[in-house]
Amino acid sequence: MSDKMHIKLKVNGEDREFLAEPRELLIYALREHLDLTGPHVGCDTSHCGACTVTIDGKSVKSCTMFVAQANGAEITTIEGIGQPDALHVLQESFREHHGLQCGFCTPGMITRATKLLEENPDPTEEDIRFGMAGNICRCTGYQNIVKSIQVAATEMNSAKEAAE
Amino acid sequence: MNDMTPDRDDRSANLKGMGCSRKRVEDVRFTQGKGNYVDDVKLPGMLHGDFVRSPYAHARIKSINTEAAMALDGVVAVLTAEDLAPLSLHWMPTLAGDKQMVLADGKVLFQGQEVAFVVARDRYVAADAVELVEVDYEELPVLVDPFEALQSDVVLREDLEPGADGAHGPRKHHNHIFLWEAGDEEATNQVLDEAEVVTEETMYYHRTHPCPLETCGSVASMDKVNGKLTLWGTFQAPHVVRTVASLLSGIEEHNIRVISPDIGGGFGNKVGVYPGYVCSIVASIVTGKPVKWIEDRMENLMSTAFARDYWMTGRISATKEGKITGLHCHVTADHGAFDACADPTKYPAGFMNICTGSYDIPVAYLGVDGVYTNKAPGGVSYRCSFRVTEAVYFIERMIEVLAIELNMDAAELRRINFIKKEQFPYTAALGWEYDSGDYHTAWDKALKTVEYDALRREQAERVEAFKRGETRKLMGIGLSFFTEIVGAGPVKNCDILGMGMFDSCEIRIHPTGSAIARLGTISQGQGHATTFAQILASETGIPADSITIEEGDTDTAPYGLGTYGSRSTPVAGAATALAGRKIRAKAQMIAAYLLEVHDDDVEFDVDRFVVKGAPERFKTMKDIAYAAYNQAIPGVEPGLEAVSYYDPPNMTYPFGAYVCVMDIDVDTGVPEIRRFYALDDCGTRINPMIIEGQVHGGLTEALAVALGQEIAYDDLGNVKTGTLMDFFLPTAWETPNYETDHTVTPSPHHPIGAKGVGESPHVGGVPCFSNAVQDAFRAFGLRHTQMPHDHWRIWKTANDLGLHG
């Protein structure tokens, strides 16, 4: 298993290159080769969504994809969403509305939520619950996660209107 | 100067002390993916461990061949019991007074049991090597049923001397672990025999698993140069882990540093000590390199601590009017292959003897028989204090069954049997002294809010409509009223492996008036860094935003017993308040000196000491802190620090009233939760936002357990629910919104009156969801049906009752 592939990815806006075995899962490559430990492994079977990243504009569970399959792709992880001095509206909103507790699901949850709001900028509660159903949280009971996303959507829409 | 002083309310708000919904300080890093969980720990030269696990539930190991695995490039070591035996580490003590194999010693006793530990360059190589280890098994008869186990000639634990006592007294059979009793059986039986009304029911509280989103893991790093072992891991009790590691390994305790980094949820799963932790330590000692072990989800569900698995038979008696006169409970407790319950030493069935619940029951008896089977070890408290979920489910089902027997309304039956406000402190028939409560007020508030009588009328109309063929949906009204027993506990009767269950807080005030406080507990999502700073802010007058809270590093934090059983606020929270008061006492002396008055002539006012009767003369805590470091004050040591170790005089007894309204589709078995109302009384409230979040989360875990989550085995001991495909974790789609409410009945013995809340919603939630399902079918003759109420079982219930025509 020592035949390694030359992998090129654009991650959080930066070009990254490294050698990896083709069988390595993308989550492993992100965490071990690129030290991006925001996305987590919760289940290994693509049920929990803790490993969610955005690949070429789509929400993907990175434990379900080989790094070889992602070769050449553009990837966004939680580390690419907002910066310490300029948090994303969703990051602010999750804190404001207590949308997290242990924090383990949070990177995947917020990463998925950014895509959800791109897909549907004005979601109903039902849209959010359905759109987030691929991400499991064991702590919050979801009520405050739904609220965090709802409020963030409203704020993002007002900001957009103000800018127009 | 005086004009510049903000008014008292502003100063108070600025502290962000107790009672305010302070935003969590933890969230800043978590929302940016900058948490530091055990799998994020990466050390130079680190190796990875992985287990060879048994495919059989019961088998003798004839041989283990590690040659092919060792030959694989990148494999550094393969450890078996033979390698651990010279170090006496092939077995380890459990928290319940039993012992457990670290690696299979001659036989395996459950599917997924650890047989060998492979250490390799990376996880992939380790996983490859696991496949190359050849184990020759000889299958043995499998016992998955505890009743059968107690009759069987098959001896599961050959290591135990036949006929010898166990850790908790005589064993009746070679697969029996203990009989634990409370109360007066003879008196109870007499009352039951002579009662006007008596009813009996057997209920199975199925086996399930806490399943935190982060699995268990550890990183061990033995530095052979300085002889120090550092161990990172998913530990809900890091200090206890250090002591156990020292006792097991012989490494002196000062040479072991245990660090619980951020923990991705615990819910009881991370209280115990697992073979993986021990193997990572041994592997690091053997290889001289850091060794990481992280279990996958299937390993987590199959081998680390399960919860429940209690067969509970109850008999309850009452007068014709519904006044309960006696309660008898017998439990057959399936502990799996090793008794690895995480309970205080003297309580092998935890606090199951809180099973008289919230009711004034004059006489009661509890007997619990622990049994070995070929299932995973454990028996932890999954989001509850020790076995309290079982106790509350038991009594809340017995109440419902009694209500059916008496043809009474279950809400009214509860009301007439509640312990009255004026009876507190109340000593229950099974021995506990309840500290405070006002059950009638909480119950009345709950029933009024949900308009209970109207709900019952609607339900009756629905039944009629169903009978007329106008609807296929039935309506269930689930009720539960629970009393928790948390905050273990008084050192006089609570210890774990001999360590008294006190907890601690150490505070250092810095010269510029900010502070750091360290505690013996460890947050797994509860937000300790936020709430403990709030307690200190109120006690010391230093703003919460200027206080750092640290936990989980045994080299820096004072010794404590950790976080589980809702004990952090009742025990460490009390230590925090008292350490804060020590700071304040010293600050008072310093203030008096600075103000040139007698100590008794100054008083504390939010964030300062003022001269009594002359509030314009004051010293703020900031002034005082600075003075503590730069002035020579006669009779007062420099510095401003305090430590408090708190041994609680009693447990705390949070309570609550829950109501669930459910519509059940009789043809699909799908329950739809229309409304869930949760009133919690956790005494003094520190952070309402966090309390509400805890309630939402606990209720969702209750929904999971009541409506589908289980660890199921087939007859051969194969785990049927080993992945999240089969093991039910609710998503946002299945989870309802909850209405939260509260009353406040402070604990009289806790320094700030707080009781703890994290587990209440789970304890009260499970019976509430279950009662809702069962109540829907009451009009059609259902007395009791077993959890979990998944769609199939609900459909089956409807079918058995003849509701499918």
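See the values below:
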{"item": "Filtered residues of segment B:225-248 (kept if touching a Cys at 6+ places or on another chain (Cβ under 9 Å) and within 14 Å of another protein chain (Cβ to nearest Cβ))", "result": "B:T234"}
{"item": "Entirely in segment B:97-176, the strands (runs of 3 or more DSSP E) that have 3 or more residues that are surrounded by fewer than 17 Cβ atoms within 10 Å (Cβ to Cβ) and at negative phi", "result": "B:134-139"}
{"item": "Residues being closer than 30 Å to B:R387 by Cβ and crowded, with 24+ Cβ neighbours inside 10 Å - total across segment B:578-597", "result": "0"}
{"item": "Complete set of residues in segment B:702-728 that are at the interface with another protein chain (Cβ under 7 Å from one of its Cβ atoms) and either out of contact with any Lys or Arg (no Cβ under 7 Å at 6 or more places or on another chain) or buried (at least 22 other Cβ atoms within 10 Å of the Cβ) (or both)", "result": "B:M725"}
{"item": "Some residue of segment A:95-107 being without any contact (Cβ under 8 Å) to a residue 12 or more places away in the chain and in contact with a strand residue (DSSP E or B) (Cβ under 8 Å, 6 or more places away or on another chain)", "result": "yes"}
{"item": "Only one of B:R518, B:R462, B:R508, B:R457 that is in contact with a Pro (Cβ under 9 Å, 6 or more places away or on another chain) and of a type in the set (K, R)", "result": "B:R518"}
{"item": "Number of the exception - B:G33 against (1) assigned to a loop (DSSP other than H, G, I, E, B); (2) more than 32 Å from the chain's Cα centre (by Cα)", "result": "(2)"}
{"item": "Segment B:1-51, residues that are farther than 26 Å from A:R95 by Cβ and in contact with a Leu (Cβ under 9 Å, 6 or more places away or on another chain)", "result": "B:G49, B:F51"}
{"item": "Residue list for segment B:294-306, restricted to those being hydrophobic (A, V, I, L, M, F, W, C), within 14 Å of another protein chain (Cβ to nearest Cβ) and crowded, with 21+ Cβ neighbours inside 10 Å", "result": "B:I294, B:L301, B:M302"}
{"item": "Subset of segment B:249-292 [surrounded by 23 or more Cβ atoms within 10 Å (Cβ to Cβ) and within 14 Å of chain A (Cβ to nearest Cβ)]", "result": "B:S260, B:D262, B:I263, B:G264, B:G265, B:G266, B:F267, B:G268, B:N269, B:K270, B:K292"}
{"item": "Residue match in segment B:499-520 (condition: touching a residue at least 40 places away in the same chain (Cβ under 8 Å) and at positive phi)", "result": "yes"}
{"item": "Which numbered condition B:E400 fails, given (1) touching a Pro at 6+ places or on another chain (Cβ under 9 Å); (2) farther than 22 Å from B:P570 by Cα; (3) not in a helix (DSSP H, G or I)", "result": "(3)"}
{"item": "Filter pass, B:V705 being of a type in the set (V, I, T), more than 30 Å from B:E412 (Cα to Cα) and touching a residue at least 12 places away in the same chain (Cβ under 8 Å)", "result": "no"}
{"item": "Index of the failed condition, A:A152 passing every other in (1) over 22 Å from B:L724 (Cα atoms); (2) touching a residue at least 60 places away in the same chain (Cβ under 8 Å); (3) part of a loop (DSSP other than H, G, I, E, B)", "result": "(3)"}
{"item": "Test: residue in segment B:254-265 that is of a type in the set (D, E, K, R) and either under 30 Å from B:D309 (Cβ atoms) or under 25 Å from the mean Cα position of the chain (by Cα) (or both)", "result": "yes"}
{"item": "Residue count for segment A:105-148, restricted to those that are within 8 Å of chain B (Cβ to nearest Cβ) and among the hydroxyl-bearing types (S, T, Y)", "result": "3"}
{"item": "Residue match in segment B:755-768 (condition: under 23 Å from B:G469 (Cβ atoms), within 27 Å of the chain's Cα centre (by Cα) and buried (at least 24 other Cβ atoms within 10 Å of the Cβ))", "result": "no"}
{"item": "Residue in segment B:373-385 that is buried (at least 24 other Cβ atoms within 10 Å of the Cβ), β-branched (V, I, T), away from every other protein chain (no Cβ under 14 Å) and farther than 23 Å from B:D495 by Cα present", "result": "yes"}
{"item": "Residues within segment A:1-47 that are touching a residue at least 60 places away in the same chain (Cβ under 8 Å), within 11 Å of chain B (Cβ to nearest Cβ) and out of contact with any helix residue (DSSP H, G or I) (no Cβ under 8 Å at 6 or more places or on another chain), tallied", "result": "1"}
{"item": "Residue, surrounded by the fewest Cβ atoms within 10 Å (Cβ to Cβ), within segment A:65-104, restricted to residues that are away from chain B (no Cβ under 13 Å) and assigned to a loop (DSSP other than H, G, I, E, B)", "result": "A:G72"}
{"item": "For B:D40: the one exception among (1) in contact (Cβ under 8 Å) with a residue 40 or more places away in the chain; (2) on the phi < 0 side of the Ramachandran plot; (3) more than 10 Å from chain A (Cβ to nearest Cβ); (4) out of contact with any Gly (no Cβ under 8 Å at 6 or more places or on another chain)", "result": "(3)"}
{"item": "Residue tally, condition among the polar types (S, T, N, Q) and in a strand (DSSP E or B), over segment B:53-81", "result": "2"}
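Per-residue answers, yes or no, for (1) touching a residue at least 24 places away in the same chain (Cβ under 8 Å); (2) in contact with a helix residue (DSSP H, G or I) (Cβ under 7 Å, 6 or more places away or on another chain); (3) surrounded by 17 or more Cβ atoms within 10 Å (Cβ to Cβ):
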| site | (1), (2), (3) |
| --- | --- |
| B:L179 | yes, no, yes |
| B:E194 | no, no, no |
| B:P210 | yes, no, yes |
| B:T215 | yes, yes, yes |
| B:M222 | yes, yes, yes |
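Here is a yes/no grid of residues against (1) part of a strand (DSSP E or B); (2) of a type in the set (A, V, I, L, M); (3) more than 22 Å from the chain's Cα centre (by Cα); (4) over 24 Å from B:Q786 (Cβ atoms):
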position: B:C329; (1), (2), (3), (4): yes, no, yes, no
position: B:K346; (1), (2), (3), (4): no, no, no, yes
position: B:T356; (1), (2), (3), (4): no, no, no, no
position: B:A364; (1), (2), (3), (4): yes, yes, yes, no
position: B:N374; (1), (2), (3), (4): no, no, yes, no
position: B:A391; (1), (2), (3), (4): no, yes, no, no
position: B:R415; (1), (2), (3), (4): no, no, yes, yes
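Okay, residues lined up against (1) farther than 20 Å from B:W293 by Cβ; (2) not in a loop (DSSP other than H, G, I, E, B):
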| site | (1), (2) |
| --- | --- |
| A:E17 | yes, yes |
| A:P22 | yes, no |
| A:Y28 | no, yes |
| A:T37 | no, no |
| A:G42 | no, no |
| A:H47 | yes, no |
| A:A50 | no, no |
| A:V53 | yes, yes |
| A:S59 | yes, yes |
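Residue by residue, here is whether (1) closer than 30 Å to B:Y37 by Cβ; (2) surrounded by fewer than 18 Cβ atoms within 10 Å (Cβ to Cβ) holds:
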| residue | (1), (2) |
| --- | --- |
| B:E484 | yes, no |
| B:K492 | no, yes |
| B:A515 | yes, no |
| B:T521 | yes, no |
| B:E539 | no, no |
| B:I547 | yes, no |
| B:E550 | yes, yes |
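Throughout, read-outs are computed from the coordinates displayed, never taken from laboratory work. Bear in mind the structure is a predicted one, so any value in this text is a computation, not a measurement. Reconstructed Cβ throughout: ideal geometry from the backbone, glycine too, with neighbour counts over all protein chains shown.
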